[in-house]
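A quick write-up on the structure given underneath.
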Amino acid sequence: MKPVKINTSVKKGIPPASRVLAEYELWLNKHYGKVGNYLTNAKTFLKTYKEGPELIYQLDNYMEDMGLTMQSILRRFKRFLEEKEMQFVVNDLLEKKLPLGNIYVKLFLASRRDRLRGEYSLSSYATVLNQFFNLINNDLQFFNKRRAEKFIHAPALSDFTKRFYKSVLKTFCDWALLYQITDSKDLSTEQLMVKKGLGLISPHALREISSIKVQHSREQAKRYHKDSLSIKQRDRLLKICNTQRERAVISLLAWNGLRTIEVLRLTVPDCQFREKKIAIWGKGKSSRHKEVIRLFDVPGKEVHKYIRENAVAKGKAFPSITKKEIVDLIEEKFERLGLTKQKGKFTPHSLRHTAGQIMYDRGVPLEFIQKTLGHASMETTMVYAQKAIDRKYFKAMPRDI
(Lines give C-alpha, C1' and ligand atoms only; values in the text may rest on other atoms or scores of the structure.)
Protein backbone atom coordinates (compact mmCIF):
# COMPACT_ATOMS: atom_id res chain seq x y z
CA MET A 1 0.00 0.00 0.00
CA LYS A 2 1.15 3.55 -0.70
CA PRO A 3 1.48 5.92 2.28
CA VAL A 4 -1.54 8.17 2.75
CA LYS A 5 -0.77 11.84 2.20
CA ILE A 6 -3.08 14.06 4.15
CA ASN A 7 -4.14 17.40 2.70
CA THR A 8 -3.32 19.97 5.36
CA SER A 9 -3.76 22.97 3.06
CA VAL A 10 -6.80 25.18 3.01
CA LYS A 11 -9.36 24.85 0.23
CA LYS A 12 -8.42 28.15 -1.32
CA GLY A 13 -6.94 27.57 -4.75
CA ILE A 14 -8.08 23.92 -4.92
CA PRO A 15 -10.29 23.40 -8.02
CA PRO A 16 -13.84 22.03 -7.71
CA ALA A 17 -14.42 18.59 -9.25
CA SER A 18 -16.88 20.06 -11.77
CA ARG A 19 -14.13 22.32 -13.19
CA VAL A 20 -11.70 19.38 -13.35
CA LEU A 21 -14.26 17.50 -15.45
CA ALA A 22 -14.70 20.48 -17.78
CA GLU A 23 -10.93 20.68 -18.30
CA TYR A 24 -10.75 16.90 -18.79
CA GLU A 25 -13.35 17.10 -21.57
CA LEU A 26 -11.26 19.70 -23.41
CA TRP A 27 -8.12 17.60 -22.88
CA LEU A 28 -9.82 14.47 -24.28
CA ASN A 29 -11.01 16.32 -27.38
CA LYS A 30 -7.60 17.86 -27.95
CA HIS A 31 -5.62 14.62 -27.60
CA TYR A 32 -8.10 11.99 -28.83
CA GLY A 33 -10.81 13.86 -30.75
CA LYS A 34 -13.58 12.30 -28.66
CA VAL A 35 -14.91 12.05 -25.12
CA GLY A 36 -16.78 8.73 -25.08
CA ASN A 37 -17.32 7.14 -21.68
CA TYR A 38 -13.99 8.41 -20.35
CA LEU A 39 -15.62 11.55 -18.95
CA THR A 40 -18.55 9.63 -17.43
CA ASN A 41 -16.29 7.22 -15.55
CA ALA A 42 -14.06 10.05 -14.34
CA LYS A 43 -17.15 11.77 -12.95
CA THR A 44 -18.27 8.56 -11.25
CA PHE A 45 -14.88 8.30 -9.53
CA LEU A 46 -14.81 11.96 -8.48
CA LYS A 47 -18.17 11.51 -6.76
CA THR A 48 -16.41 9.06 -4.41
CA TYR A 49 -13.55 11.50 -3.63
CA LYS A 50 -13.08 12.25 0.07
CA GLU A 51 -11.08 15.11 1.53
CA GLY A 52 -7.70 13.95 2.79
CA PRO A 53 -5.66 11.51 0.67
CA GLU A 54 -4.26 12.75 -2.63
CA LEU A 55 -6.43 12.43 -5.70
CA ILE A 56 -4.23 9.94 -7.57
CA TYR A 57 -3.84 7.78 -4.44
CA GLN A 58 -7.63 7.50 -4.20
CA LEU A 59 -7.89 6.80 -7.93
CA ASP A 60 -5.38 3.92 -7.66
CA ASN A 61 -7.38 2.38 -4.81
CA TYR A 62 -10.63 2.89 -6.76
CA MET A 63 -9.22 1.03 -9.79
CA GLU A 64 -7.65 -1.80 -7.80
CA ASP A 65 -10.46 -4.38 -8.08
CA MET A 66 -11.76 -3.33 -11.50
CA GLY A 67 -11.50 -5.16 -14.79
CA LEU A 68 -8.82 -4.41 -17.35
CA THR A 69 -11.16 -2.38 -19.57
CA MET A 70 -12.23 -0.04 -16.78
CA GLN A 71 -8.66 0.31 -15.53
CA SER A 72 -7.58 1.32 -19.02
CA ILE A 73 -10.33 3.97 -19.16
CA LEU A 74 -9.41 5.44 -15.79
CA ARG A 75 -5.66 5.37 -16.48
CA ARG A 76 -6.32 8.00 -19.14
CA PHE A 77 -7.84 10.21 -16.45
CA LYS A 78 -4.78 9.50 -14.28
CA ARG A 79 -2.48 10.72 -17.10
CA PHE A 80 -4.53 13.90 -17.29
CA LEU A 81 -4.26 14.49 -13.52
CA GLU A 82 -0.50 13.90 -13.60
CA GLU A 83 -0.02 16.21 -16.58
CA LYS A 84 -2.03 18.98 -14.86
CA GLU A 85 -0.38 18.22 -11.49
CA MET A 86 -3.74 18.07 -9.72
CA GLN A 87 -3.37 16.70 -6.22
CA PHE A 88 -6.65 17.64 -4.54
CA VAL A 89 -10.15 18.75 -5.51
CA VAL A 90 -13.21 20.08 -3.74
CA ASN A 91 -16.00 17.55 -4.31
CA ASP A 92 -18.95 19.64 -5.47
CA LEU A 93 -20.59 16.79 -7.40
CA LEU A 94 -22.72 15.49 -4.53
CA GLU A 95 -24.53 18.73 -3.84
CA LYS A 96 -28.28 18.23 -3.98
CA LYS A 97 -29.06 21.68 -5.34
CA LEU A 98 -29.03 22.21 -9.07
CA PRO A 99 -27.24 25.29 -10.40
CA LEU A 100 -30.42 27.32 -10.89
CA GLY A 101 -28.94 30.79 -10.89
CA ASN A 102 -31.53 32.49 -13.11
CA ILE A 103 -35.24 32.63 -12.27
CA TYR A 104 -36.24 31.86 -15.87
CA VAL A 105 -33.97 28.80 -15.93
CA LYS A 106 -35.65 27.64 -12.73
CA LEU A 107 -39.14 28.11 -14.19
CA PHE A 108 -38.17 26.44 -17.45
CA LEU A 109 -36.76 23.35 -15.71
CA ALA A 110 -39.80 23.11 -13.45
CA SER A 111 -41.97 22.95 -16.58
CA ARG A 112 -39.76 20.27 -18.17
CA ARG A 113 -39.49 17.80 -15.29
CA ASP A 114 -41.72 15.32 -17.10
CA ARG A 115 -39.23 15.03 -19.97
CA LEU A 116 -35.94 15.70 -18.17
CA ARG A 117 -36.41 12.79 -15.80
CA GLY A 118 -32.93 12.30 -14.36
CA GLU A 119 -31.01 14.65 -12.09
CA TYR A 120 -28.14 14.54 -14.59
CA SER A 121 -30.40 15.87 -17.38
CA LEU A 122 -31.76 18.65 -15.18
CA SER A 123 -28.28 19.56 -14.00
CA SER A 124 -26.89 19.56 -17.55
CA TYR A 125 -29.67 21.81 -18.86
CA ALA A 126 -29.35 24.11 -15.84
CA THR A 127 -25.57 24.38 -16.26
CA VAL A 128 -25.75 25.20 -19.99
CA LEU A 129 -28.54 27.75 -19.62
CA ASN A 130 -26.91 29.48 -16.65
CA GLN A 131 -23.63 29.69 -18.58
CA PHE A 132 -25.47 31.47 -21.39
CA PHE A 133 -27.27 33.82 -19.00
CA ASN A 134 -23.91 34.62 -17.41
CA LEU A 135 -22.58 35.44 -20.87
CA ILE A 136 -25.36 38.02 -21.36
CA ASN A 137 -25.14 39.19 -17.71
CA ASN A 138 -28.71 37.97 -17.07
CA ASP A 139 -30.07 40.71 -19.33
CA LEU A 140 -32.87 39.32 -21.51
CA GLN A 141 -32.44 42.21 -23.98
CA PHE A 142 -29.15 40.59 -25.04
CA PHE A 143 -30.77 37.18 -25.55
CA ASN A 144 -30.14 37.17 -29.31
CA LYS A 145 -28.69 35.15 -32.19
CA ARG A 146 -25.27 36.85 -32.22
CA ARG A 147 -24.53 35.98 -28.60
CA ALA A 148 -26.07 32.52 -28.95
CA GLU A 149 -23.81 31.75 -31.91
CA LYS A 150 -20.77 32.94 -29.96
CA PHE A 151 -21.80 30.64 -27.10
CA ILE A 152 -22.58 27.56 -29.23
CA HIS A 153 -19.61 27.86 -31.60
CA ALA A 154 -16.93 28.43 -28.96
CA PRO A 155 -13.68 26.98 -30.43
CA ALA A 156 -12.93 24.86 -27.36
CA LEU A 157 -16.19 22.91 -27.60
CA SER A 158 -16.41 19.49 -29.23
CA ASP A 159 -18.85 18.94 -32.08
CA PHE A 160 -21.09 16.88 -29.79
CA THR A 161 -21.10 19.62 -27.13
CA LYS A 162 -21.98 22.28 -29.69
CA ARG A 163 -25.00 20.26 -30.81
CA PHE A 164 -26.03 19.74 -27.19
CA TYR A 165 -25.76 23.47 -26.41
CA LYS A 166 -27.83 24.26 -29.51
CA SER A 167 -30.46 21.69 -28.45
CA VAL A 168 -30.73 23.16 -24.94
CA LEU A 169 -31.08 26.74 -26.19
CA LYS A 170 -33.63 25.70 -28.82
CA THR A 171 -35.76 23.94 -26.19
CA PHE A 172 -35.66 27.03 -23.98
CA CYS A 173 -36.55 29.29 -26.93
CA ASP A 174 -39.53 27.11 -27.87
CA TRP A 175 -40.74 27.32 -24.25
CA ALA A 176 -40.32 31.11 -24.12
CA LEU A 177 -42.04 31.55 -27.49
CA LEU A 178 -45.01 29.48 -26.29
CA TYR A 179 -45.48 31.93 -23.40
CA GLN A 180 -45.39 34.88 -25.79
CA ILE A 181 -48.01 33.54 -28.18
CA THR A 182 -50.40 32.23 -25.51
CA ASP A 183 -53.43 34.46 -24.92
CA SER A 184 -53.10 36.30 -21.61
CA LYS A 185 -56.62 35.34 -20.55
CA ASP A 186 -55.53 31.68 -20.51
CA LEU A 187 -52.70 32.35 -18.02
CA SER A 188 -52.65 32.58 -14.25
CA THR A 189 -51.38 35.66 -12.41
CA GLU A 190 -47.98 34.01 -11.90
CA GLN A 191 -47.80 32.95 -15.56
CA LEU A 192 -48.65 36.49 -16.66
CA MET A 193 -45.63 37.75 -14.71
CA VAL A 194 -43.43 35.18 -16.47
CA LYS A 195 -44.86 36.21 -19.83
CA LYS A 196 -44.14 39.86 -19.08
CA GLY A 197 -40.54 39.08 -18.21
CA LEU A 198 -39.97 36.88 -21.25
CA GLY A 199 -41.50 39.62 -23.38
CA LEU A 200 -38.12 41.37 -23.16
CA ILE A 201 -36.82 38.78 -25.63
CA SER A 202 -37.76 39.44 -29.22
CA PRO A 203 -39.84 36.62 -30.78
CA HIS A 204 -37.69 37.06 -33.88
CA ALA A 205 -34.56 36.42 -31.78
CA LEU A 206 -36.07 33.26 -30.32
CA ARG A 207 -36.82 31.92 -33.80
CA GLU A 208 -33.36 32.89 -35.06
CA ILE A 209 -31.65 31.05 -32.19
CA SER A 210 -33.76 27.94 -32.86
CA SER A 211 -32.59 27.97 -36.49
CA ILE A 212 -28.84 28.17 -35.72
CA LYS A 213 -26.94 25.46 -37.60
CA VAL A 214 -24.06 23.45 -36.16
CA GLN A 215 -21.88 22.52 -39.13
CA HIS A 216 -19.39 19.68 -38.99
CA SER A 217 -17.18 18.00 -41.54
CA ARG A 218 -17.61 14.39 -42.61
CA GLU A 219 -14.36 13.56 -40.88
CA GLN A 220 -15.73 14.98 -37.63
CA ALA A 221 -18.96 13.06 -38.10
CA LYS A 222 -17.08 9.80 -38.48
CA ARG A 223 -15.46 10.27 -35.08
CA TYR A 224 -18.83 9.96 -33.41
CA HIS A 225 -20.08 6.89 -35.21
CA LYS A 226 -18.63 3.48 -34.50
CA ASP A 227 -18.20 0.81 -37.14
CA SER A 228 -21.02 -1.65 -37.64
CA LEU A 229 -20.90 -5.45 -37.89
CA SER A 230 -21.55 -7.32 -41.11
CA ILE A 231 -24.59 -9.60 -41.39
CA LYS A 232 -22.34 -12.66 -40.91
CA GLN A 233 -20.72 -11.14 -37.83
CA ARG A 234 -24.12 -10.30 -36.39
CA ASP A 235 -25.39 -13.85 -36.96
CA ARG A 236 -22.22 -15.23 -35.40
CA LEU A 237 -22.68 -12.94 -32.40
CA LEU A 238 -26.09 -14.46 -31.70
CA LYS A 239 -24.77 -18.01 -32.06
CA ILE A 240 -22.08 -17.59 -29.39
CA CYS A 241 -24.59 -16.43 -26.75
CA ASN A 242 -24.72 -18.83 -23.81
CA THR A 243 -28.20 -18.18 -22.43
CA GLN A 244 -31.61 -17.27 -23.76
CA ARG A 245 -31.45 -13.97 -21.90
CA GLU A 246 -28.21 -13.12 -23.71
CA ARG A 247 -29.84 -13.96 -27.05
CA ALA A 248 -32.85 -11.79 -26.27
CA VAL A 249 -30.75 -8.78 -25.24
CA ILE A 250 -28.28 -9.07 -28.14
CA SER A 251 -31.07 -9.42 -30.72
CA LEU A 252 -32.88 -6.31 -29.44
CA LEU A 253 -29.66 -4.31 -29.70
CA ALA A 254 -28.33 -5.66 -33.02
CA TRP A 255 -31.59 -6.18 -34.94
CA ASN A 256 -34.01 -3.56 -33.58
CA GLY A 257 -31.22 -1.10 -32.68
CA LEU A 258 -32.42 -0.41 -29.15
CA ARG A 259 -30.25 1.68 -26.85
CA THR A 260 -29.03 0.06 -23.63
CA ILE A 261 -31.36 2.27 -21.56
CA GLU A 262 -34.30 1.19 -23.73
CA VAL A 263 -33.57 -2.48 -23.03
CA LEU A 264 -33.36 -1.78 -19.29
CA ARG A 265 -36.71 0.07 -19.38
CA LEU A 266 -38.51 -2.54 -21.48
CA THR A 267 -41.55 -4.15 -19.83
CA VAL A 268 -43.46 -7.32 -20.67
CA PRO A 269 -46.59 -5.37 -21.84
CA ASP A 270 -44.34 -3.36 -24.19
CA CYS A 271 -43.75 -6.54 -26.23
CA GLN A 272 -46.71 -7.10 -28.55
CA PHE A 273 -45.64 -10.40 -30.12
CA ARG A 274 -48.80 -11.16 -32.12
CA GLU A 275 -48.84 -7.70 -33.71
CA LYS A 276 -45.02 -7.79 -34.15
CA LYS A 277 -44.73 -4.43 -32.40
CA ILE A 278 -42.72 -3.13 -29.46
CA ALA A 279 -43.22 0.04 -27.39
CA ILE A 280 -39.97 1.86 -26.66
CA TRP A 281 -39.35 4.30 -23.82
CA GLY A 282 -36.75 6.37 -25.59
CA LYS A 283 -33.87 8.49 -24.37
CA GLY A 284 -34.96 11.81 -22.88
CA LYS A 285 -38.65 10.90 -22.87
CA SER A 286 -41.09 10.01 -20.11
CA SER A 287 -42.81 6.64 -19.74
CA ARG A 288 -46.00 8.26 -21.04
CA HIS A 289 -44.42 8.99 -24.42
CA LYS A 290 -43.38 5.58 -25.71
CA GLU A 291 -42.83 5.04 -29.43
CA VAL A 292 -44.39 1.92 -30.96
CA ILE A 293 -42.17 0.42 -33.67
CA ARG A 294 -41.87 -2.81 -35.64
CA LEU A 295 -40.52 -5.79 -33.67
CA PHE A 296 -38.38 -7.73 -36.15
CA ASP A 297 -38.63 -11.52 -36.44
CA VAL A 298 -35.33 -12.48 -34.78
CA PRO A 299 -35.69 -10.39 -31.60
CA GLY A 300 -39.41 -11.21 -31.54
CA LYS A 301 -38.65 -14.94 -31.42
CA GLU A 302 -35.75 -14.63 -28.97
CA VAL A 303 -37.50 -12.28 -26.51
CA HIS A 304 -40.72 -14.31 -26.60
CA LYS A 305 -38.81 -17.51 -25.87
CA TYR A 306 -36.88 -15.82 -23.03
CA ILE A 307 -40.06 -14.50 -21.37
CA ARG A 308 -41.78 -17.90 -21.69
CA GLU A 309 -38.83 -19.91 -20.36
CA ASN A 310 -38.24 -17.55 -17.42
CA ALA A 311 -41.94 -17.08 -16.60
CA VAL A 312 -41.64 -13.28 -16.64
CA ALA A 313 -45.33 -12.41 -16.40
CA LYS A 314 -45.30 -8.67 -15.63
CA GLY A 315 -43.06 -5.72 -14.87
CA LYS A 316 -39.65 -5.30 -16.48
CA ALA A 317 -38.73 -7.80 -19.17
CA PHE A 318 -35.16 -8.02 -17.80
CA PRO A 319 -35.71 -7.34 -14.08
CA SER A 320 -32.27 -8.20 -12.75
CA ILE A 321 -29.93 -7.00 -15.51
CA THR A 322 -27.80 -3.85 -15.21
CA LYS A 323 -26.18 -1.57 -17.77
CA LYS A 324 -22.73 -2.79 -16.72
CA GLU A 325 -23.78 -6.41 -17.32
CA ILE A 326 -24.96 -5.57 -20.83
CA VAL A 327 -21.74 -3.70 -21.64
CA ASP A 328 -19.60 -6.53 -20.22
CA LEU A 329 -21.64 -9.09 -22.16
CA ILE A 330 -21.13 -7.30 -25.49
CA GLU A 331 -17.43 -6.68 -24.90
CA GLU A 332 -16.90 -10.34 -24.03
CA LYS A 333 -18.69 -11.45 -27.23
CA PHE A 334 -16.74 -8.92 -29.31
CA GLU A 335 -13.51 -10.31 -27.88
CA ARG A 336 -14.53 -13.83 -28.93
CA LEU A 337 -15.21 -12.52 -32.44
CA GLY A 338 -11.79 -10.84 -32.50
CA LEU A 339 -13.27 -7.35 -32.83
CA THR A 340 -11.55 -5.84 -29.80
CA LYS A 341 -8.19 -5.97 -31.59
CA GLN A 342 -9.32 -2.93 -33.59
CA LYS A 343 -9.34 -0.47 -30.69
CA GLY A 344 -11.96 2.24 -30.78
CA LYS A 345 -13.73 0.88 -33.84
CA PHE A 346 -16.17 -1.43 -32.08
CA THR A 347 -18.03 -0.61 -28.87
CA PRO A 348 -21.40 -1.75 -27.46
CA HIS A 349 -23.01 1.16 -29.36
CA SER A 350 -21.80 -0.51 -32.58
CA LEU A 351 -24.77 -2.89 -32.33
CA ARG A 352 -27.18 0.04 -32.78
CA HIS A 353 -25.20 1.15 -35.82
CA THR A 354 -25.26 -2.43 -37.08
CA ALA A 355 -29.07 -2.44 -37.02
CA GLY A 356 -29.29 0.91 -38.81
CA GLN A 357 -26.68 0.07 -41.45
CA ILE A 358 -28.18 -3.30 -42.34
CA MET A 359 -31.64 -1.74 -42.59
CA TYR A 360 -30.28 0.86 -45.03
CA ASP A 361 -28.31 -1.70 -47.04
CA ARG A 362 -31.45 -3.80 -47.43
CA GLY A 363 -33.41 -0.89 -48.88
CA VAL A 364 -35.40 0.33 -45.87
CA PRO A 365 -36.33 4.00 -46.45
CA LEU A 366 -34.42 6.50 -44.32
CA GLU A 367 -37.59 7.86 -42.71
CA PHE A 368 -38.47 4.31 -41.55
CA ILE A 369 -34.96 3.86 -40.12
CA GLN A 370 -35.28 7.22 -38.34
CA LYS A 371 -38.57 6.13 -36.72
CA THR A 372 -37.23 2.69 -35.77
CA LEU A 373 -34.09 4.06 -34.13
CA GLY A 374 -35.84 7.05 -32.56
CA HIS A 375 -33.56 9.69 -34.13
CA ALA A 376 -34.72 13.23 -33.43
CA SER A 377 -33.08 14.45 -36.65
CA MET A 378 -32.82 12.95 -40.15
CA GLU A 379 -29.22 14.25 -40.18
CA THR A 380 -28.32 11.53 -37.67
CA THR A 381 -29.93 8.84 -39.83
CA MET A 382 -28.12 10.09 -42.94
CA VAL A 383 -24.83 8.71 -41.60
CA TYR A 384 -25.88 5.24 -42.78
CA ALA A 385 -26.32 6.51 -46.35
CA GLN A 386 -22.91 8.21 -46.18
CA LYS A 387 -21.26 5.03 -44.91
CA ALA A 388 -22.77 3.04 -47.76
CA ILE A 389 -21.49 5.56 -50.31
CA ASP A 390 -18.00 5.52 -48.78
CA ARG A 391 -17.97 1.71 -48.79
CA LYS A 392 -19.05 1.37 -52.42
CA TYR A 393 -17.06 4.26 -53.87
CA PHE A 394 -13.76 2.52 -54.60
CA LYS A 395 -15.48 -0.65 -55.77
CA ALA A 396 -17.74 1.06 -58.26
CA MET A 397 -15.63 4.02 -59.37
CA PRO A 398 -13.84 3.21 -62.67
CA ARG A 399 -10.07 3.68 -62.87
CA ASP A 400 -9.68 4.37 -66.60
CA ILE A 401 -11.72 7.52 -67.21
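Just a few scattered comments:
- Longest to shortest principal axis, alpha-carbon extents of segment 274-397, angstrom: 55, 34, 27
- Theoretical ellipticity at 222 nm over the chain - DSSP helices of four or more residues, -39500 (n - 2.57) apiece, nearest 500: -17500 deg cm²/dmol
- Each residue of segment 64-77 was assigned a 3J(HN,Hα) from its phi angle through the Karplus expression (A = 6.51, B = -1.76, C = 1.60, θ = phi - 60°), giving 3, 9, 8, x, 4, 5, 5, 4, 4, 5, 6, 5, 5, 5 Hz with x at Gly and Pro.
- In order through segment 249-259: 3J(HN,Hα) via Karplus (6.51 cos²θ - 1.76 cosθ + 1.60), integer Hz, x for Gly, Pro: 5, 4, 5, 5, 6, 8, 9, 8, x, 5, 6
- The convex hull of the Cα atoms of segment 278-329, projected and averaged over all directions, covers 4.6 nm².
- Taking every protein chain into account, the accessible area of the chain amounts to 58 square angstrom per residue (probe 1.4 Å).
- Amide H contacts of Lys277: Gln272, Leu295, each under 5 Å away and 5 or more positions distant or on a separate chain (H built 1.01 Å from N in the peptide plane; Pro and chain starts excluded).
- Packing-based order for 245-257, 365-377, 313-325, using average beta carbon neighbours within 10 Å, highest first: 245-257, 365-377, 313-325
- Listed residue pairs exceeding 20 Å between alpha carbons, taken from Lys84/Lys166; Lys145/Lys371; Lys239/Lys314; Lys166/Lys387; Lys277/Lys324; Lys30/Lys84: Lys84/Lys166; Lys145/Lys371; Lys239/Lys314; Lys166/Lys387; Lys277/Lys324
The values are calculated or read from the model by the stated rules, or taken from the named source; none is laboratory data. As the structure is a prediction and not an experimental result, all values here were calculated from the model. Positions of Cβ are backbone-derived with ideal geometry, glycine not excepted, and every protein chain shown enters the neighbour counts. These area figures cover heavy atoms from the full protein model, side chains too; ligands, DNA and RNA do not enter into them. Shrake-Rupley method; radii C 1.70, N 1.55, O 1.52, S 1.80 Å.
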